[in-house]
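Peer 1: What follows is a single structure, and I will ask about it in a moment.
The values are calculated or read from the model by the stated rules, or taken from the named source; none is laboratory data. Just so we're clear, the structure is a prediction, and the values are computed from it rather than from any experiment. Counting neighbours? That spans all protein chains shown, and the Cβs are built from the backbone with ideal geometry, glycine included. Surface areas here come from the heavy atoms of the whole protein model, side chains and all, with no ligands, DNA or RNA. Shrake-Rupley method; radii C 1.70, N 1.55, O 1.52, S 1.80 Å.
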Amino acid sequence: MASAVIAAAAAAVAGGPPAPASNANTSVDDAVFAILSNDLPKYDDAALEGFYRQCADHILAYQHPISGLFPLYPGSGGPAGHARDNIYIATSIWALAQVYRKTDRDSGRCWELRQRALKCMRSLLAFWMSQTDRLEAFKVQQCPKNCLLTLFDYRTGRELTDSAFSTYQHHQLDCIALFVLMSVQMISSGMEIVHTKTEVSVFQNLIFYLERAYRIPDFGMWERGTKQNTGSVELHASSVGFAKAALEAANSFNVFGQSGDHTTVIHVDIDAHSRNRIILTNLLPRESASKGCDSALIPTLCWPGHATHEPVRKTALHNIFSRFRGEYGFKRFSRDGYGTVLEPSRGALYSHGELKSFEAIECQWPIMYAFLVIEHCLQGDRTTATLYKQKLDDLRVECDLPFGPDSSQPPQSSRWLPKFYFVPRDYLQEERDRPGSQARRPNFELNDTVFLWGEAVALIAELLESGYLMAHDLDLLRRYKSFHERPLDLSRRVPFINKLQDLVVQVVLISESVRLQQMLATFGVQSQTPTQVEPITLWPSKNLIKVQECLGQCERLGLSGRPLRPIGQLGTAKFYRVPGRTVLCYPLLFEMRDFYLLHDMDMVIDEVRTNLQFLSTWWRLRGRPTFCFLLREDMIRAAGAKQLIAFLTGMRSGRVNGVRVLLGRAQNLLASACVDHLDYLQDHGDAFKDLPSVEELSVEKSFRSLMNIQGHAAVAVEREEWIDVRRVESSSSEDLCQLIDTASLNMGPRTQLLHILHDRHGPLYALSGGTETVSHRLEDLSRTAGVQQRWAIVRYASAILRKEVDSLAPSLSNVIVAGKKIIIGSDIVIDRPLTPKELCQIMYAQYPPGPSGKAVLLQELILFLGSLISRDNSLFRGIYYIRLDPLVDALDIELENVDDALYGGCKILQNLSPYKIQSLLVSILRRDRLRDPYWQRRIDGCLCRVPPGFYEGVYGVLEACTGGVRIGSTLIEQYPCLNDMSRNDANFVFAVQAILARETRNPALRQMLVEALVIIELILQRNPELAVKEELDVLRIIDEAWRDFKSERELTGPEADKSMVLFYQTEAVVSRGTSSFIAKAALNFLLKGELSLSRSKQLNSTCLMS
């Protein structure tokens, strides 16, 4: 467990042997048993009085008598207060009240303490209630300007009006999440934080605010954004982790406590929680793109967050201990300039090149020791907790500080916990030369005031370590335990549980019509029609979106309720009890009738397999998931119907790709299913009054066999026929309408003519006869082409209609939060999630409708990328920028060279089915085919794929080249690049890959640049005495290698001078391969430089050149 890592580190701090990893639950369980048996611990009145005096003098003295809030800079006279500090302070006061609850000699202190904590928490809630306009704006656009404020005037509980704070970076999601989490903990202890239904609506909207934390970059716990501190936001694991913890705590929780009813229950989107969980797992052990390791993960992964108990928690904590632990606490992150004597101004943004000066002199924060005392006490490891407690006591400083928030009060001599310890200016170089060798000084010597956040956490740590506060007093939700160790909370309708081994996914097959049901029955596939499912009602997932709009609505505050977000796979895998009915929803996959993917049965089958696998992997609710498979007649008419029937009959075996499935009737599966209750709809009857349900298709004849379907066979088309539209552009619209109705006209030219009419008159233009519009004819044409598998026509018609797929936004989010960026066209970088409408506006503006149907083809690719990256992130190893145009080029290259029966000899990408394009995409990502070097280099160059350790190697090359590294026309300068970014900085990765992608249109040459940089880095690594003063031009090295290659191969003539194809076709690592020529050219260049003895001593004093 991660506690073993922490224990070993604690022993190292104390100078002794590693503490043994004790049983994490023994002492805690014993203490719980003691409480249950009324065997209360004996309290020492003097010790209890000491804790109260510590709280009164170090914390309560600073509480404002009217607002109940606490200042950020006590004694300074400043008006600022911070939400995060206030929440931890309120928690410490509540923790002491929990101790006093166990004694009858409290003299009213328990009541007073609880009310003081309550007043603080309610003031925070009121502060955010006054920002409902921001809550609403944030639903539309998640950006810093719309975020909830976290800094306030602690005297009034209102927004700060002081211009000194006008540029403050408020966007800190962990603050909101911490408030939700600790509110649930306190309400569970009997405190009444939420008083009115209006406040319930605000609390519900805070949940909506947090649900998309997985895709929202913010400034993080340290309020700085990226490590460079330039005012830029980035995605933080600490923010996502706290949001995940808050969603788990609030799920199905009644914020009125025991006094609440169905209207005061908080609802959490299970799919939003799942996405936060998945993204947190993907982000860890990193904190963010610029911060590979960060102490902000300690409170996230330990108390109070306990965001995950997965194995990656241990790795993240180990990284923090090995890199940032010191004698005076923990560094926040590498090159953190906050509080150092070199920082020009506290809170000011940094300039380029400034970051390097803070390396090895970062301040150390004692508060992290307090968090670790708490964590070890919760885990029952008091030995290690005591070691940290002793260290924490040693770091306290005796000094005179102002008593109370007003600086005019006389100072009080006491022992205070510093905010941080810094390296004095006179000892900076010695500390850089020998890290940890110099004595540090407390921040009080910089005229800083009391650090109330640290005092609060330290008080909780002391209460726990003393034994007066028990684990279950502080963490009533038992978050310090993994899911399978927590008691099941039966008061919650749909509680989270631990992952079940070999989970069974229930499958309900719904046939659109009786004749489809009869036809499937002839193959042994039993299904139900919508009528036979009654009294259960079948809904599309968009109905759920509609009824959940009521959640959090409050007209008086202008709150609109739940945003119009799609319901994901987990949300549609539950039955729902709504007033008067039971509802089952089919997933978003089967709502794509407006798009064309449902015409590709191979694609449908693959997506069903993916959905079942996803449910089996990520389901964490009580009750089994239920997958509603909606079967339509169009699926049987389309090519691939035999594969669909084979898949359905195969499901009867009980396994689908290793996932256990159970086919059955909806009524029979209800008892073992997960059932959610939407009781709040009792007060919103109009919300679901006229919602459409799935109705049975009324038909006359029955299918007797699959062979009876006439006229729906696939038409094998290797190349569609198109006309030259310039010949008909001058024709009148009436003449074009007559041409369209010509029976002999092929589908391709007919689509082109409809495109002309669409551009002239719009989609509602009536064709000949006036009974049909252009859009209706295009829809019919697209449907017919889909049944006949003529995909170029389908894509062209869909592009004319500017179709967009509903699940595009989740797919794009999957790509973005996995650390990738998508580039559309030559320069449109998508590095944040967008709505389908926003994304499609960009695509259709960049790629107007035409026979290539590129705008919809790229939508397909984004869907596939999102699905693949969630299934197997390793496929994208070495790829950071996904440039869609070069990706299409890579698919064309693969299709041109591959010889596979799957593609039926087709060599035109637009004519392939979606499933075949996805298969082609998987093929180039997996690199599982034997390709000649030129073929492989072109594909890797299109993907901008690089080998492991490549960017760290480029960083090393840059360190050796004083003049910088030139790639094409772009020079990567040594400084400020090395000053601003570290070797493992993801921003350095993006910068280098952007240059590689931008500087050459030839993908093979782009990959040759990568190979050259790898070789140069290897030479410099083996020969550290080499250093280059002039700029290193990588293209010049490749050109020299090419000339040497031509000379050796005796290649002459104009063709040899024009093309490097022969060079690209040569293997790299073979005798006289391309690596040999590049290495020779690189050595020739490097040996012209000077030998740097200082660099040699840093790495290896022996010359390794061979």
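Peer 1: Does the range 662-676 contain any residue that is acidic (Asp, Glu) and assigned to a strand (DSSP E or B)?
Peer 2: yes
Peer 1: Can I ask one more? Anything in the range 564-594 that is farther than 23 Å from THR529 by Cβ and at pLDDT below 90? List them, or say none.
Peer 2: LEU564, ARG565, PRO566, ILE567, GLY568, PRO579, ASP594
Peer 1: Any chance the range 493-516 includes a residue that's of a type outside the set (Ser, Thr, Tyr), in contact with a Gly (Cβ under 6 Å, 6 or more places away or on another chain) and modelled with pLDDT under 90?
Peer 2: no
Peer 1: Among what's in the range 635-683 and is open to solvent by 30 Å² or more (accessible area, probe 1.4 Å) and within 30 Å of GLN788 (Cβ to Cβ), pick the residue that is modelled with the lowest pLDDT.
Peer 2: Taking the candidates together, the pick is ARG637.
Peer 1: Hey, another quick one. Which number in (1) modelled with pLDDT under 80; (2) not in a helix (DSSP H, G or I) marks the one condition that VAL694 misses?
Peer 2: Against the list (1) modelled with pLDDT under 80; (2) not in a helix (DSSP H, G or I), VAL694 comes up short only on (1).
Peer 1: Being more than 30 Å from the chain's Cα centre (by Cα) and of a type in the set (A, V, I, L, M, F, W, C) is the filter here; which residues of the range 185-221 pass it?
Peer 2: MET191, ILE193, VAL194, listed by residue number.
Peer 1: Right, here's the next one. I'm trying to understand the selection: among the residues of the range 313-328, which are farther than 12 Å from THR300 by Cβ and outside any loop (DSSP other than H, G, I, E, B)?
Peer 2: Selection gives LYS314, THR315, HIS318, ASN319, PHE321, SER322, ARG323, PHE324, ARG325, GLY326.
Peer 1: Considering each residue of the range 825-850, count those that are buried (at least 20 other Cβ atoms within 10 Å of the Cβ) and over 30 Å from TYR765 (Cβ atoms), and give that number.
Peer 2: 2
Peer 1: Restricting the first residue to the range 260-282 and requiring it to be in contact (Cβ under 8 Å) with a residue 12 or more places away in the chain, which pairs with a second residue that is assigned to a strand (DSSP E or B) meet a Cβ separation below 7 Å and a spacing of at least six or different chains?
Peer 2: Here the result reads THR264/ASN254; VAL265/ASN254; ILE270/LEU621, each pair linking the range 260-282 to a residue that is assigned to a strand (DSSP E or B).
Peer 1: So, in the range 303-315, of the ones that are under 17 Å from the mean Cα position of the chain (by Cα) and free of Cβ contacts under 8 Å to residues at least 60 places away in the same chain, which residue ends up surrounded by the fewest Cβ atoms within 10 Å (Cβ to Cβ)?
Peer 2: So, considering only residues that are under 17 Å from the mean Cα position of the chain (by Cα) and free of Cβ contacts under 8 Å to residues at least 60 places away in the same chain, the one surrounded by the fewest Cβ atoms within 10 Å (Cβ to Cβ) is GLU310.
Peer 1: Go through the range 859-895 and report how many residues are in contact (Cβ under 8 Å) with a residue 60 or more places away in the chain and among the small types (Gly, Ala, Ser).
Peer 2: Of the residues in the range 859-895, 4 are in contact (Cβ under 8 Å) with a residue 60 or more places away in the chain and among the small types (Gly, Ala, Ser).
Peer 1: Among the numbered conditions (1) surrounded by 13 or more Cβ atoms within 10 Å (Cβ to Cβ); (2) at pLDDT below 80, tell me where ILE723 comes up short.
Peer 2: Failed condition: (2).
Peer 1: Moving on to the next point. Check ARG325 against each of (1) of a type outside the set (Phe, Trp, Tyr); (2) out of contact with any Cys (no Cβ under 7 Å at 6 or more places or on another chain); (3) open to solvent by less than 10 Å² (accessible area, probe 1.4 Å); (4) modelled with pLDDT of 95 or more and name the one condition it does not meet.
Peer 2: (3)
Peer 1: Looking at the range 980-992 only, could you name the residues that are surrounded by fewer than 20 Cβ atoms within 10 Å (Cβ to Cβ) and either at pLDDT 90 or above or in contact with a helix residue (DSSP H, G or I) (Cβ under 6 Å, 6 or more places away or on another chain) (or both)?
Peer 2: Listed by number, the list holds a single entry, ARG983.
Peer 1: Please count how many residues of the range 369-398 are without any contact (Cβ under 8 Å) to a residue 24 or more places away in the chain and either assigned to a helix (DSSP H, G or I) or closer than 19 Å to PHE324 by Cβ (or both).
Peer 2: Count: 2.
Peer 1: Within the range 1028-1083, can you find the residues that are outside any loop (DSSP other than H, G, I, E, B), without any contact (Cβ under 8 Å) to a residue 60 or more places away in the chain and in contact with an Asp or Glu (Cβ under 7 Å, 6 or more places away or on another chain)?
Peer 2: Across the range 1028-1083, the qualifying residues are PHE1077, LYS1080, ALA1081.
Peer 1: Filter the range 197-243 down to residues that are open to solvent by less than 10 Å² (accessible area, probe 1.4 Å), closer than 14 Å to SER274 by Cα and charged (D, E, K, R), then give me how many there are.
Peer 2: Adding up the residues that qualify gives 1.
Peer 1: Look through LEU767, LEU754, LEU745 and report the one residue that is in contact (Cβ under 8 Å) with a residue 40 or more places away in the chain and open to solvent by less than 50 Å² (accessible area, probe 1.4 Å).
Peer 2: Residue meeting the stated conditions: LEU754.
Peer 1: Scanning for something in contact with an Asp or Glu (Cβ under 9 Å, 6 or more places away or on another chain), farther than 27 Å from GLU999 by Cα and in a helix (DSSP H, G or I), does the range 869-892 turn up at least one residue?
Peer 2: No, the conditions are met nowhere in the range 869-892.
Peer 1: I'd like the full set of residues that are without any contact (Cβ under 8 Å) to a residue 40 or more places away in the chain, assigned to a helix (DSSP H, G or I) and crowded, with 16+ Cβ neighbours inside 10 Å, limited to the range 482-531.
Peer 2: Once the filter is applied, which keeps residues that are without any contact (Cβ under 8 Å) to a residue 40 or more places away in the chain, assigned to a helix (DSSP H, G or I) and crowded, with 16+ Cβ neighbours inside 10 Å, the range 482-531 yields only GLN517.
Peer 1: When you scan the range 953-967, do you find a residue that is of a type in the set (D, E, K, R) and modelled with pLDDT of 85 or more, even just one?
Peer 2: yes
Peer 1: Can you pull out every residue in the range 268-290 that is farther than 24 Å from LEU570 by Cα, open to solvent by 10 Å² or more (accessible area, probe 1.4 Å) and of a type outside the set (A, V, I, L, M, F, W, C)?
Peer 2: Of everything in the range 268-290, those that are farther than 24 Å from LEU570 by Cα, open to solvent by 10 Å² or more (accessible area, probe 1.4 Å) and of a type outside the set (A, V, I, L, M, F, W, C) turn out to be PRO285, ARG286.
Peer 1: Mind checking which residues of the range 85-136 are hydroxyl-bearing (Ser, Thr, Tyr), open to solvent by 40 Å² or more (accessible area, probe 1.4 Å) and on the phi < 0 side of the Ramachandran plot?
Peer 2: SER130
Peer 1: Residues in the range 703-718: is at least one out of contact with any Leu (no Cβ under 9 Å at 6 or more places or on another chain), open to solvent by 60 Å² or more (accessible area, probe 1.4 Å), at pLDDT below 85 and closer than 30 Å to GLU534 by Cα?
Peer 2: Within the range 703-718, one or more residues are out of contact with any Leu (no Cβ under 9 Å at 6 or more places or on another chain), open to solvent by 60 Å² or more (accessible area, probe 1.4 Å), at pLDDT below 85 and closer than 30 Å to GLU534 by Cα.
Matching residues to (1) assigned to a helix (DSSP H, G or I); (2) within 20 Å of LEU861 (Cβ to Cβ); (3) outside the structural domain of ALA1041 (by the TED database):
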| residue | (1), (2), (3) |
| --- | --- |
| LEU925 | yes, yes, yes |
| ARG938 | yes, yes, yes |
| VAL954 | yes, no, no |
| GLU959 | yes, no, no |
| ASN984 | no, no, no |
| ALA991 | yes, no, no |
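Peer 1: A further question on this structure: Sort through LYS546, LYS542 and tell me the only one that's open to solvent by 10 Å² or more (accessible area, probe 1.4 Å), assigned to a helix (DSSP H, G or I) and in contact (Cβ under 8 Å) with a residue 60 or more places away in the chain.
Peer 2: LYS546 is the lone residue from the list that is open to solvent by 10 Å² or more (accessible area, probe 1.4 Å), assigned to a helix (DSSP H, G or I) and in contact (Cβ under 8 Å) with a residue 60 or more places away in the chain.
Peer 1: Give the residues of the range 174-196 that are of a type outside the set (Ser, Thr, Tyr), within 24 Å of GLY561 (Cα to Cα) and surrounded by fewer than 19 Cβ atoms within 10 Å (Cβ to Cβ), sorted by residue number.
Peer 2: GLU192, HIS195
Peer 1: Could you list, in sequence order, all residues of the range 1027-1059 that are under 42 Å from the mean Cα position of the chain (by Cα) and either of a type in the set (A, V, I, L, M) or open to solvent by less than 20 Å² (accessible area, probe 1.4 Å) (or both)?
Peer 2: ALA1027, VAL1028, LEU1032, VAL1034, LEU1035, ILE1037, ILE1038 - these are the residues of the range 1027-1059 that are under 42 Å from the mean Cα position of the chain (by Cα) and either of a type in the set (A, V, I, L, M) or open to solvent by less than 20 Å² (accessible area, probe 1.4 Å) (or both).
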